[in-house]
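Reading through the structure tokens given below for one structure.
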Amino acid sequence: MSDGRSDPLRISFTLNGEPTTVEVSPSERLLDLLRYRLGLTGTKEGCAEGECGACTVYLDGLPVDSCLVPAYQVRGRLVETIESLDPKGMAHYHARGTTQCGACTPGVVMTAEWIVRHPDRLETHTVRELMAGNLCRCTGYDGIIEGVEGALGDREAG
Amino acid sequence: MLRREGLSKLTGQERYVDDLPLEDFLWGATVRSPAPRGRISNIVFGDGVDWSEFVIVDHTDIPGRNAVYLMEYDQPALAPGYVRHVHEPVLLLAHPSREVARRALREVQVIVDVDPPALDFRSLPSPDLIQYGEDNVLKRLSIQKGDVERALAESPIVVEGVYETGAQEHVYLETQGMLAYLDDDVLVIKGSMQCPYYVVKALKPALNRSEEEIRVIQTPTGGGFGGKEEFPSMVALHAGLLALKSRVPVKLIYDRTEDMVATTKRHPSQIRHRTGVDENGHLIAQEIEVVMDGGAYVTLTPVVLSRAIIHAAGLYHCDNVRILGRAMFTNSVPYGAFRGFGNPQAHFAVERHMDVIADRLRMDPVELRRINMIRDGQTTATGQVIGDGVDRLQIVDRALALSNYERRRREHWLRNSEHRYLRRGIGMSAFYHGAGFTGSGEVMLDSRLHVEGHPDGKVQVLCASTEMGQGQITIFIQLAADRLGYDPAEISIAEPDTHRVPDSGPTVGSRTAMVVGRLVERACDDLCRQAGAARGAPVKDAIIAWHSAHPGERLLGKARYEPPPGIEWDEENYLGDAYGAFGWAAHVAEVEVDLRTYGVRVLDFVSVQDVGTVLNETLARGQVQGGVAQGISWALLEECVWKDGAMQNGQLTNYIIPTSGDLPPIRVEFVEFPYEHGAQGAKGVGELPLVGAAPAVLNAVAAATGRQPTEIPLTPERLMALLGNGDR
Ligand code: FES
Ligand code: FES
């Protein structure tokens, strides 16, 4: 049995705007690096196989499931987590019942905010379709979709 | 009021158990049985692992009684040599590296001399399968009203049906997890749970410790739905045993697959109806048999069965009713609490059966419900006189109006005759759910709650009720603020910590807002009394003044449960007032069936609910939408695939819960009939919406296809079998 302690790799990347250098093992997931070694526990694990989206972060600006990304692959790239978002942007989600238990929520908000920043996607897809990569067991999704629509409304108005 | 912890959750700041900062600790892991039944003949530790790095716990390390106690002592914490279900815990391991601990699990081989397992709950077992009592029956219960025998014999029409429901996994997004450590001599348990005092109750006999030596703290909990009612006691006990042996903190967090295959699920059921009706559709007799799969240990099964039989006749009046219930022991993972607690199974059967009866009588299913729906002054199956003034027909009518029921029916009729392969249908269900514990349950719980006034005038509610997403924190703050005339910002809820808060009962059974919320109000009143607040004068000033007069003392308002007057329940004969209050509701579902793929899409869903006073519209609506979503997916998507007692699809890739794309918008309206003994008139809201979702969906499928499905989940495979080939 291998002990999972093969030679570490030293990588540098940009994390929430800060240059970051860490040693990672070849089998380490980005999710675990963030959560257990860099203290960014906002990113959650729901399934560990790319189904639930609770672990969503932005990699070079695109939402990805961090449970599927080997940590060494972020070398030289931009990683953004839920901790990088402005709390002031949460008002609509707060008011419309986007979160209940909160376990899916950071992932949901990452996807939601990505939609808000890329409203052109709504020319071909509905919010309901675009949110389909994030599982939520509490809300039945209406509270999530209404939250996104509220945030989109602000953007149009502002 | 907005959800108190909403921003913390939205910004990722909320700290769940696996998020807590921790140094120098071990990761726990659980070695489980590979077989459904048999004697453990050997446990082999593989060579490739340095076992000296591990802390290993088996049943001999349990200082007290080897049981996870709640109702019975039958379920071992760690198998003592004999296993009764696949994935039953056998050994515990702990190691500083999570990777190493998880990998080591594969290097331990539990060898079992397999005995024949009992896996089918529907039939009575052959002698070699008997492992509980004389016949594997975990619990038998019955309800009698009138003379069913005679009434059935005299009925001009008797309609029979058999309805089956499958197991359902909770899939709370945060898996089970506990942290255990020693603080001097006190064993501290922190983790994801609904009921901190249930954990204390289980740990006391197993660890031979007093309440003072066990401290249980609930961490923010990422969903429960009943799945964190009794099961966390097991995880806490395991983490505690590892921490006691290793003397360092131990974190035991299940991964998704372990959580899915090894934890409790909704009880599978088979329910048989024989109903006598006259030509006009009046119910003359209801004979109902409820059979449930209880799994390998008792857990909460007797109470789940109880709730199922009490609700099994539906919200109709009938003079002659006999309901027989039995829950069977089988060698499968124990079934346990899940939102609705037996009532979704009961209502799936009775509300599907009402449509089957209507079909037989060539009658409108709505009309059949209308003429039989219970009215004030009439009695339920247990003989409880309904007299709450709720206009149940108004609830049904609102649901029909909002969904355009009549117009849609006509449109579907036209459309279905023209379309080559798409069939639309609309169906409804009417249903109810008793809020709070059954019968004398609330009296036994003897719930207590405190409200403390602090020297700066701020107020804190101390209770063991827990927030798991349903909104308990927000609702209690709102209730206290209203009662005391306070700014909600000056009120907080104490962390549920069994060394600090009184036992206000478990957070289950739609009881929190209604029953415990009422205690919040009464404790607030007591606080005013203790502080000597004059009527109409600001309470805050009185609290501050009291503290200046009593430096260093605590100012506590207290409340203890008192049953509403006039409630009488005969537990022996299942007669009388089963619940203090019922929530009433109607759902309408519109579906489209694709005859090429046998897929069913829900196009529209309307839910009209009477949950008493709605305390917080956004939270209540969220409860309804989430409950409906779980009911729709129980009806159509969620299937546990079993092989020799083991769940084969313990992953979110092959056990399907709905995405946003799989669900329609769920349209909710409340009709408010306040309950005078609930907080501000509230009744329970958590479970009711799930109860009637599955039959509404299947009734719509029946309307679309002209066939009568009787089994859920109605997967494409089952629908194909039902429709056969000649239905295009
Ligand atoms: S944990 Fe990454 S998708 Fe579920
Ligand atoms: S809020 Fe609980 S899973 Fe989404």
Query raised in the report: If you plug each phi of the stretch A:112-124 into the Karplus form 6.51 cos²θ - 1.76 cosθ + 1.60 with θ = phi - 60°, what whole-Hz ³J(HN,Hα) values come out, in order, with x for Gly and Pro?
Result: 4, 5, 5, 5, 4, 7, 10, x, 4, 4, 6, 6, 10
Query raised in the report: Starting at 0 and stepping by 10 Å, how many percent of the alpha carbon pairs of the stretch A:9-83 end up in each bin?
Result: 22, 61, 17
Query raised in the report: Under the Karplus relation 6.51 cos²θ - 1.76 cosθ + 1.60, θ = phi - 60°, what is the ordered set of whole-Hz ³J(HN,Hα) values for the stretch B:644-656, x standing for Gly and Pro?
Result: 6, x, 10, 6, 8, 10, x, 9, 6, 7, 10, 9, 9
Report task. Can you find, among A:Ile11, B:Met363, B:Met178, the residue farthest towards the positive end of the dipole of the protein assembly as shown? Put +1 on the C-beta of Lys and Arg, -1 on that of Asp and Glu. Result -> B:Met363
Report task. May I ask which residue of B:Leu723, B:Leu479, B:Gly612 lies farthest towards the positive end of the charge dipole of the protein assembly as shown, with charges of +1 (Lys, Arg) and -1 (Asp, Glu) on Cβ and the Cα centre as origin? Result -> B:Leu723
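Taking the Cα centre of the protein assembly as shown as origin, sum charge times position over the Cβ atoms of Lys and Arg (+1) and Asp and Glu (-1), and report the length of that vector in debye to the nearest 20.
Value, rounded to 20: 800 debye.
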**Report entry** Delta accessible area of at least 50 Å² on complex formation, residues of the stretch A:124-158, 1.4 Å probe, chain isolated as reference
**Finding:** A:Arg128, A:Leu135, A:Arg137, A:Tyr141, A:Asp142
Query raised in the report: Any idea of the accessible area per residue across the stretch A:9-83, 1.4 Å probe, to the nearest Å²?
Result: 40
Query raised in the report: Which number comes out as Rg/Rh for chain B once both Rg and the Kirkwood Rh are worked out on C-alpha atoms?
Result: 0.98
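Would you work out the relative contact order for chain A, in percent, from Cα pairs under 8 angstrom that are 6 or more residues apart?
23
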Report summary line: Karplus ³J(HN,Hα) for the stretch B:398-411 (6.51 cos²θ - 1.76 cosθ + 1.60, θ = phi - 60°; Hz, whole; x = Gly/Pro) runs 4, 5, 5, 5, 4, 8, 6, 3, 5, 5, 4, 4, 5, 4
Query raised in the report: Can you list the lysines whose alpha carbon sits under 28 Å from that of B:Lys540, skipping same-chain ones fewer than 8 residues off?
Result: B:Lys458, B:Lys558
Requested in this report: For the stretch B:176-213 and the stretch B:416-476, compute the distance between their C-alpha centroids and round to whole Å.
Outcome: 26
**Report entry** Length-normalised contact order of chain B in % [C-alpha pairs under 8 Å, at least 6 apart]
**Finding:** 15
**Report entry** Degrees separating the helix A:142-157 axis from the principal Cα axis of chain A, which is the longest one
**Finding:** 80
Report summary line: Probe 1.4 Å, heavy atoms of protein chains only: per residue, the accessible area of chain B in Å² is 35
Query raised in the report: Hey, got the average number of other protein chain Cβ atoms within 10 angstrom for residues in B:677-684?
Result: 0
Query - Pairwise centroid distance, computed over Cα atoms, of the stretch B:353-379 with the stretch B:53-80, Å - result: 51
Query raised in the report: Using a simple charge model, +1 on the beta-carbon of Lys and Arg, -1 on the beta-carbon of Asp and Glu, nothing else, what dipole does the stretch B:290-408 show about its Cα centre, in debye to the nearest 20?
Result: 180
Requested in this report: Enter the Cα centre distance for the pair the stretch B:533-579 and the stretch B:112-161, rounded to the nearest angstrom.
Outcome: 45
Report task. Would you mind giving the mean number of other chain beta-carbons within 10 Å of the Cβ of each residue in B:624-633, as a whole number? Result -> 4
Query raised in the report: Once you sort the root eigenvalues of the Cα gyration tensor of the stretch A:85-157 as a ≥ b ≥ c, which label holds: rounded (a/c under 1.5), prolate (a/b larger than b/c) or oblate (the other case)?
Result: oblate
Requested in this report: Treat every Asp and Glu Cβ in chain B as -1 and every Lys and Arg Cβ as +1, leave all other atoms uncharged, and give the resulting dipole magnitude about the Cα centre to the nearest 20 debye.
Outcome: 1140
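Any idea of the total accessible area buried by the B-A contact, 1.4 Å probe, rounded to 100 Å²? The partial results should precede the final answer.
Details: alone 27590 and 8720 Å², together 32040 Å².
Its buried surface, counting both partners, is about 4300 Å².
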Requested in this report: Could you tell me which trypsin sites (Lys or Arg not before Pro) in the stretch B:390-421 are loop residues by DSSP with no more than 15 other beta carbons within 10 angstrom of their beta carbon?
Outcome: B:Arg420
Requested in this report: Please average, across the residues of A:30-39, the number of beta carbons from any other chain that are within 10 Å of each residue's own beta carbon, and give a whole number.
Outcome: 1
Report task. For the stretch B:75-227, calculate the relative contact order in percent as a whole number, restricting contacts to Cα pairs under 8 Å that are 6 or more residues apart. Result -> 15
**Report entry** Loop-located GluC sites (Glu not before Pro) in the stretch B:219-307 whose Cβ has at most 13 other Cβ within 10 Å (DSSP)
**Finding:** B:Glu279
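Output the Kirkwood hydrodynamic radius of the protein assembly as shown, Cα pairs only, in Å rounded to one decimal. Provide the component values of the computation, followed by the final result.
Working: mean 1/r = 0.0353 Å⁻¹.
Computed over Cα pairs of the protein assembly as shown, the Kirkwood hydrodynamic radius comes out at 28.3 Å.
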Report summary line: In nm, the gap between the two label points placed 7 Å beyond Cα toward Cβ at B:Arg370 and B:Asp487 is 5.4
Query raised in the report: What's the carbon and sulfur percent of the protein assembly as shown's accessible surface, probe 1.4 angstrom, rounded to a whole number?
Result: 48
Report summary line: For B:Asp594 and B:Asp525, extending 7 Å from Cα along the Cα-Cβ vector and measuring point to point gives, in nm, a value of 5.8
Query - Selection from B:Leu237, B:Gly48, B:Val148, by position along the positive dipole direction of chain B (Cβ) - result: B:Val148
Query raised in the report: What is the gain in length, in nm to one decimal, between B:Arg150 and B:Ile130 on full extension, counting 0.36 nm per residue of separation less the C-alpha to C-alpha distance?
Result: 3.7 nm
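The values are calculated or read from the model by the stated rules, or taken from the named source; none is laboratory data. Computed from a prediction, not measured in an experiment: that's the story for all the values here. Positions of Cβ are generated from backbone atoms using ideal geometry, with glycine treated the same way; all protein chains shown enter the neighbour counts. Surface accessibility is based on the protein's heavy atoms, side chains included, excluding ligands, DNA and RNA. Shrake-Rupley method; radii C 1.70, N 1.55, O 1.52, S 1.80 Å.
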